[in-house]
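Here's the structure, in structure tokens; my notes come after.
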Amino acid sequence: MADLSIDFAGIKAPNPFWLASAPPTNSGYQVMKAFDAGWGGAVWKTLGVPVVNVSSRYGAINYRDTRMAGFNNIELITDRPLADNLKEIEEVKKYFPDHAVIASLMVESKAEWEQIIKDVENAGADGIELNFGCPHGMCERGMGSAVGQEPEVLKTIVGWVMEAANIPVITKLSPNISHITDPGLAAVQGGTDAISLINTIKSIVGIDLDSYAPYPIVDGKGTNGGYCGPAVKPIAMHMLKDLAKHPEIGKVPISGIGGIETWRDVVEFILLGATSVQVCTAVMHYGFGIVREMEAGLQKFMNDKGYNTIYDFAGKALPNVTEWKHLNLKHKVVADINEEKCIGCELCYIACDDGAHQAIALPENGENRVPSIIEKNCVGCNLCSLVCPVEGCITMVKKDDGTEHMTWHERTEAGTIPTTFNDKLAGGLGHYVPEPKLALKNKNGHKNGS
Amino acid sequence: MAEYKKPKNESEFNQNFAQKKPLMNDTEAYYESSRCLFCYDAPCMNACPTHIDIPLFIKQIHTDNVEGAAATIYDANWFGNACGKVCPTGMLCEGACVYNHQNVPPIDIGRLQNYATDKVIREKTKLFKEGESNGRKVAVVGAGPAGLACACELKTMGYEVDVYEAKSKPSGLTVHGVAPYKITNEEVLAEMDYLQEQLNYTIHYNHPVNADEINKMINKYDAIFLGVGLGATAKRGLPGEEKEGVVGAVEFIEELRMNHSDKSVGDKVVVIGGGNTAMDAASGSARLGASEVTLAYRNSKEKMGAYDFEYDLALHAGVKGLFNATPLEIIGNGSVSGVRFIRTKEENGKLTEVQGSEFTIACDQVIMATGQAKQTQLFQQIEGLKLDDKNRLVVNEAYQCTHPKFFAGGDAVNGGAEVVNAAYHGKIAAQGIDNWLNNK
Ligand SMILES: Cc1cc2nc3c(=O)[nH]c(=O)nc-3n(C[C@H](O)[C@H](O)[C@H](O)COP(=O)(O)OP(=O)(O)OC[C@H]3O[C@@H](n4cnc5c(N)ncnc54)[C@H](O)[C@@H]3O)c2cc1C
Ligand SMILES: Cc1cc2nc3c(=O)[nH]c(=O)nc-3n(C[C@H](O)[C@H](O)[C@H](O)COP(=O)(O)O)c2cc1C
Ligand code: SF4
Ligand code: SF4
Ligand code: SF4
């Protein structure tokens, strides 16, 4: 069995699975239940001056048969008095001394920061997380993402906190910004011990087609919410990569958040440099029990690969994430259809013909519905292999012999890049495209439309 | 056996004849519709005799445009609701679904179709419009799937349509013939009302038309559509066929459908035949409470014309199969007391009787499921109609008969198939009538 325990900027936990600051960490009852279920840490629902919430708080994107592929909320920070929360933090730590309890905080003035830090330290919190991410409601009052979007302000506040705090400090960033490295660097320059990201993304998940109000609807009106859940994972991973690869920011540990639900998500985040992960939506959807699947999967992955701790593979994908200009232009793949597996849906055909490069042909006789690849037209875009509903039916086969290497960067250096509109060096020069009028040839005989 | 007790009232009848394809609820429809791949040139659609745009209507169900889904279905098939329940979908659309190639259950197309159409029927959503009157008049003989599909289509094009029907209810064998566990009478008739309320064709019930009357129609109407289907169960010339307790399968099922628990059946029943109608009659007898039902077919099980799933349904109802046995005589003093059979075997591809292998099965009811007679007599008396060697009406690809004023479709033309084929013929024939009249 691999050792899943972590030491995250001095915060120790039996495993890297933490609950993100959100409704699942509203109370001592929930956090105790979560630890009992197997979670290694919990970032308490953000504490501050208690708020008043609206009724009707969440909205979601359902995709096909998947509920909550994306999730959206307009909730604010805790609406419970600080004293109640502190009492429960203390109690949790009594029962679970080895688990990580991190207090998420959001207040306005320097004096408030100093006071609340003292309070949570006294309650026994193992660390502090600064919520500079909430993109709805709190930001209208100059807090949350309003801070996360102003690197200078962020740096100042991190400075105040570092002066006051005796326990490790994590700065939680907002993704609602064009360069995540700007607030990331500000946090590090302010002295933060660690970073966590992402908080939610500003969003509108839907409009009611009768009342014309955005979801979630509060008495006929709505507001932008914060988007999270599986849909945001790619955005979170990209930002994580930007921070982890940054020469300054990459020196502090990063807790990855955003759309994590399965062991695979966990492994991917760790490969991109995270050394703890936080989960909110998946727990709101399935309850604390999902950690069983995460833990079993992570254990198996580490066993299969021979890793003893997560630090053995943390960040291992980072060297392979590079800039476009360093990709090998001589690499060539072509689609290949496994006729045995093909079920004849012909989605690959129509995807390539309508959405890519007209490189797939239908069978001549129409009897057997297995399409075939026209190799000379295939640019190796992957589209067909992505739409194919059968696992492993379309594979992308490497066609170059691996001896040649030429990147855009190298071509730029060598002066062999296209520079004029009709440059003979255009990559697609001479590539097959059908005559435009061929598009209309089947108009009368078109089976799907007749 | 006796898996089913004789139903004493409507609720017991409904239990014994529980629907094989119950109505989907919204959640089931949502999840099932999400599985459809939206195949290109979809094989399910090509396998549907009416070419319903199946991927489209399934996507419409999934995006909560159920009305739109129903419109897509009716656009291709006027019996969209009935077909969802009575079509042998495993042989048609669902049999062609690409999921079969992956050993994944195919999309439940029939029930999704039924779900979408049920909603508009129940909510009386107006989907159809009579065309602006073109001053032309068409007579339709027979209010079965063929005749009514033709009537509906003609009405959308502005024709005046008179339907003549021998019986007192519309839909032909859909309500009188199809097994009760496939569709209820209420469901069939609700769809018929739904269509007629919007399209306003006239149906003259209890009005069997004879050849004379039909010949007179030639001058009264611009065109005449014959959708008369097949006739009664054909006599087979078996000694004892006239005895009390011997009935034709189609007649038996019609009584069953019309009278439900009031219909009585013998205690020991022998059903003779190997087609789908034989399966329905045998299943029906068992579900009506017969203690023993024997399905006797002269050839082997493999040679039986019935679909496998129909035979399985009969077996599940407790029916016993008897193969390679051909009836010699129905015995009994006035009323039936048994059937004398002789064994058969296949020799050099020919079925022969095995000498000395006679045996008797005791019974008090015999159901002859040996095929329906054609309406040959009627057709022979109508001017200019040609029949093929199987006594089916000869038509061209527009379903026009050899007398140009006559069009025909359904069982009368194909010799007996499914509701969906008849509905398709009726629709295409209506378009044929319109084309012919416009180009005359
Ligand atoms: C027992 C049985 C079970 C079946 N089960 C199924 C099934 O599960 N699924 C399926 O898809 N199909 C099934 N079928 C077949 C299907 O019912 C027929 O193929 C279909 O109904 C044919 O339609 P039609 O319009 O050609 O004829 P019919 O449905 O026979 O309609 C003909 C109509 O014309 C009327 N008529 C006839 N002569 C005259 C006249 N001279 N004047 C006025 N009216 C007249 C009749 O009363 C009848 O209403 C079954 C058939 C039978 C017999
Ligand atoms: C209802 C709700 C309330 C949240 N409240 C807070 C909060 O008080 N403090 C905070 O830092 N993040 C809050 N978040 C953001 C989450 O902690 C987390 O960053 C985000 O949901 C992404 O993770 P996920 O994809 O696993 O849900 C909240 C999220 C949700 C859905
Ligand atoms: S990889 Fe792209 S170009 Fe090649 S066949 Fe597939 S869809 Fe077409
Ligand atoms: S998408 Fe896959 S299964 Fe469908 S036709 Fe293409 S290769 Fe076959
Ligand atoms: S074949 Fe099956 S999956 Fe494909 S469109 Fe038809 S119902 Fe959908």
For this session: Starting from the range A:55-69, take each residue that is within 10 Å of another protein chain (Cβ to nearest Cβ) and of a type outside the set (Ser, Thr, Tyr) and list its partners that are surrounded by 14 or more Cβ atoms within 10 Å (Cβ to Cβ) and part of a strand (DSSP E or B), counting only C-beta distances under 8 angstrom and pairs at least six apart or across chains.
Result: A:Asn62/A:Met68; A:Asn62/A:Ala69
Exercise. What do you reckon, is B:Ser261 under 25 Å from B:Asn299 (Cα atoms) and in a helix (DSSP H, G or I)?
Worked result: no
Exercise. Where in the range A:1-81 are the strands (runs of 3 or more DSSP E), entirely inside, with at least 1 residues that are more than 30 Å from B:Thr27 (Cα to Cα)?
Worked result: A:6-8, A:11-13, A:17-19, A:41-47
Exercise. Checking A:Lys341 against (1) within 14 Å of another protein chain (Cβ to nearest Cβ); (2) in contact with a strand residue (DSSP E or B) (Cβ under 8 Å, 6 or more places away or on another chain), which single condition isn't satisfied?
Worked result: (2)
Exercise. For A:Ala236, are the conditions met, namely being closer than 16 Å to A:Ser174 by Cα and either polar (S, T, N, Q) or assigned by TED's automatic domain parsing to the domain that holds A:Thr25 (or both)?
Worked result: yes
For this session: For the range A:287-387, please list each of the helices (runs of 4 or more DSSP H) lying entirely inside it that holds at least 2 residues being basic (Lys, Arg).
Result: A:291-305
Problem set entry | Single residue of the range B:55-100 satisfying the filter (within 16 Å of ligand 1 (Cβ to nearest atom) and more than 29 Å from B:Tyr311 (Cβ to Cβ)) that is farthest from the other protein chains (Cβ to nearest Cβ) | B:Trp78
For this session: For the range B:145-158, state whether one or more residues are more than 28 Å from B:Ala69 (Cβ to Cβ), in contact with a strand residue (DSSP E or B) (Cβ under 9 Å, 6 or more places away or on another chain) and among the small types (Gly, Ala, Ser).
Result: no
Exercise. Looking at (1) free of Cβ contacts under 8 Å to residues at least 12 places away in the same chain; (2) away from chain B (no Cβ under 14 Å); (3) within 16 Å of ligand 4 (Cβ to nearest atom), which is the only condition A:Glu367 fails?
Worked result: (2)
Exercise. Of all residues in the range A:394-424 being part of a helix (DSSP H, G or I) and acidic (Asp, Glu), which is farthest from the chain's Cα centre (by Cα)?
Worked result: A:Glu413
Problem set entry | Complete set of residues in the range A:315-352 that are among the aromatic types (Phe, Trp, Tyr) and either within 16 Å of ligand 5 (Cβ to nearest atom) or closer than 30 Å to B:Arg35 by Cβ (or both) | A:Tyr349
Exercise. Does B:Lys137 meet the test of being touching a strand residue (DSSP E or B) at 6+ places or on another chain (Cβ under 6 Å), more than 16 Å from ligand 4 (Cβ to nearest atom), away from every other protein chain (no Cβ under 14 Å) and farther than 16 Å from B:Cys44 by Cα?
Worked result: yes
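Scan the range B:21-35 and give yes if some residue there is among the hydroxyl-bearing types (Ser, Thr, Tyr) and buried (at least 23 other Cβ atoms within 10 Å of the Cβ), otherwise no.
Checking the range B:21-35: at least one residue is among the hydroxyl-bearing types (Ser, Thr, Tyr) and buried (at least 23 other Cβ atoms within 10 Å of the Cβ).
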Exercise. Any idea which of (1) within 12 Å of another protein chain (Cβ to nearest Cβ); (2) under 24 Å from the mean Cα position of the chain (by Cα); (3) of a type outside the set (Lys, Arg) is the one A:Thr322 doesn't satisfy?
Worked result: (1)
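Residue-wise test of (1) under 30 Å from B:Lys182 (Cβ atoms); (2) free of Cβ contacts under 8 Å to residues at least 12 places away in the same chain; (3) surrounded by fewer than 22 Cβ atoms within 10 Å (Cβ to Cβ).
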{"position": "B:Gly321", "(1), (2), (3)": "yes, no, yes"}
{"position": "B:Ile330", "(1), (2), (3)": "yes, no, no"}
{"position": "B:Gly338", "(1), (2), (3)": "no, no, yes"}
{"position": "B:Thr344", "(1), (2), (3)": "no, no, yes"}
{"position": "B:Lys350", "(1), (2), (3)": "no, yes, yes"}
{"position": "B:Lys390", "(1), (2), (3)": "yes, no, yes"}
{"position": "B:Gln400", "(1), (2), (3)": "no, no, yes"}
Exercise. Of these, B:Asn276, B:Asn219, B:Asn259, B:Asn210, which one is crowded, with 19+ Cβ neighbours inside 10 Å and among the polar types (S, T, N, Q)?
Worked result: B:Asn276
Seminar exercise, completed: Of (1) within 16 Å of ligand 5 (Cβ to nearest atom); (2) surrounded by 15 or more Cβ atoms within 10 Å (Cβ to Cβ), A:Gln358 fails just (1)
Problem set entry | Check on B:Glu123, surrounded by fewer than 22 Cβ atoms within 10 Å (Cβ to Cβ) and among the acidic types (Asp, Glu) | yes
Exercise. So which of A:Cys388, A:Cys352, A:Cys378, A:Cys393 is in contact with a Pro (Cβ under 9 Å, 6 or more places away or on another chain) and crowded, with 16+ Cβ neighbours inside 10 Å?
Worked result: A:Cys352
For this session: Could you please let me know if B:Thr326 is over 24 Å from the mean Cα position of the chain (by Cα) and under 21 Å from B:Gln372 (Cα atoms)?
Result: yes
Exercise. Do you know which of the residues in the range B:42-54 that are more than 17 Å from B:His101 (Cβ to Cβ) and within 9 Å of another protein chain (Cβ to nearest Cβ) is farthest from ligand 3 (Cβ to nearest atom)?
Worked result: B:His51
Exercise. Going through the range A:347-376 one residue at a time, which ones are under 32 Å from the mean Cα position of the chain (by Cα) and under 20 Å from B:Gln102 (Cβ atoms)?
Worked result: A:Leu347, A:Cys348, A:Tyr349, A:Ile350, A:Ala351
For this session: Search the range A:276-291 for residues that are over 19 Å from A:Pro14 (Cβ atoms) and pair each with any residue that is among the aromatic types (Phe, Trp, Tyr) when their beta-carbon atoms are under 9 Å apart and the residues are at least 6 apart or on different chains.
Result: A:Cys280/A:Phe71; A:Thr281/A:Phe71; A:Met284/A:Tyr58; A:Met284/A:Phe71; A:His285/A:Phe71
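The values are calculated or read from the model by the stated rules, or taken from the named source; none is laboratory data. From a predicted model like this one, the values you see are computed outputs, not experimental measurements. Neighbour counts run over all protein chains shown; Cβ positions are idealised from the backbone, glycine included.
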